[in-house]
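What follows is one structure encoded as structure tokens, with my remarks underneath.
FYI, it's all coordinate maths here, none of it is from the lab. For clarity, every value in this text was computed on a predicted model and none was experimentally measured. Every residue, glycine as well, gets a Cβ built from its backbone with ideal geometry; the counts of neighbours run over all protein chains shown.
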Amino acid sequence: MTTSVGTLLRAWRERRGISQLELAGRAASSSRHISFIETGRSRPSEEMVLRLADHLDVPVRERNALLLAAGYAPRYAHTGMDDPAMGTLREGIERLLAGYEPYPALVVDATYDVVAANRGIAMLLDGLPEHLLTPPLNAMRITLHPEGLAPRIRNLTAWRGHLLAQMERQIALARSEPLRALYEEVSAYPVAERADDGAPEGPAAYLALPLVIEHDGHVLSFVSSIATFNTPMDVTVAELAIETMLPADPATVKYLRSLGD
């Protein structure tokens, strides 16, 4: 059974906690018209579907679903990263990641599969078992798996809580069964207690939660930053996220730079 566009729009509106009156004001419409759309008494135009989706912050992938439910063709392409049309984007991403070295940086998709990564990330993954490094690599799985980076993370309790909360927010904002399945998998991983697992110290700890991780006898500290593409017109591009790891203390800067000497 096909879900109507009105039912889908109402679900998104309720998910965002917005009343019909408030949505009508944002979309330059009327609450009566919004009500008619949601109950199926009125068929929205293609422009109205996209306008409501924009004000409800509906993900690009789901905007296509709304258009189809309303009887219109999808507006946004879903181009694979290996498509020739993505060549310029791939090259730009590779230059960006290489330019960030020796600091770690990577690009992930909507379910945290790694699309690209630089040598700083490869350094952190050194020594992990082959089954975790078999493509497609998954950033959440690699980080939280008991055979992955988890045993090396000094502040695992706090960092694990941060990552799971991040996934919970994404699940609340988008209908993604693959993401929910990944969340259920990684949140169920056993967590070994460690004596030094506690709150990080130092100036960076007062600015943002750092990732404190061991590597080859050194303790490294990073603050993570995530960027997305502005006003994407393709589902694949809309779901890409660039994560860069900024050194959070002088010792980490010195160590990483020494690797390139």
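For the reader, a short list of remarks on this structure follows.
- Residue among 192, 105, 116 with the largest mean-square fluctuation in a Gaussian network model of the chain, springs linking Cα atoms under 10 Å: 192
- Degrees between helix 156-173 axis and first principal axis of the chain (Cα, 0 to 90, nearest 10): 10
- Net charge contributed by nearby residues that have their C-beta within less than 13 Å of residue 216 (K/R +1, D/E -1): -1
- Residues whose placed amide H lies under 5 Å from that of residue 234, excluding near-sequence neighbours: none
- Net dipole in debye of the chain [+1 Lys, Arg Cβ; -1 Asp, Glu Cβ; about Cα centre; nearest 20]: 1160
- Using θ = phi - 60° in the Karplus curve 6.51 cos²θ - 1.76 cosθ + 1.60, the 3J(HN,Hα) couplings for the stretch 33-38 round to 5, 4, 4, 5, 5, 5 Hz; x is entered for Gly and Pro.
- Net charge, residue 21 excluded, C-beta distance under 12 Å - Lys, Arg +1, Asp, Glu -1: +2
- Alpha-carbon centroid distance for the pair the stretch 54-90 / the stretch 223-253, whole angstrom: 21
- For the chain, calculated [θ]222 nm from helices alone, where every DSSP H run of n ≥ 4 adds -39500 (n - 2.57): -13500 deg cm²/dmol
- Considering only 120, 148, 17, the mean-square fluctuation computed in a Gaussian network model of the chain, springs between alpha carbons under 10 angstrom, is largest for 17.
- Note on mean projected area of the Cα convex hull in nm²: of the candidates (1) 16.8; (2) 14.3; (3) 16.0, the value calculated from this structure sits at (1).
- Within the listed set 59, 210, 104, the Gaussian network model of the chain (springs between alpha-carbon atoms below 10 Å) gives the highest mean-square fluctuation for 59.
- Taking packing as the residue-averaged number of other Cβ atoms within 10 angstrom, the listed peptides 242-250, 131-139 run from highest to lowest as 242-250, 131-139.
- Working from Cα pairs under 8 Å separated by at least six residues, relative contact order for the stretch 84-259 is 23 percent.
- Unit charges at the beta carbon, dipole of the chain: most positive-side option, 67, 36, 93: 36
- Degrees separating the helix 177-187 axis from the principal Cα axis of the chain, which is the longest one: 30
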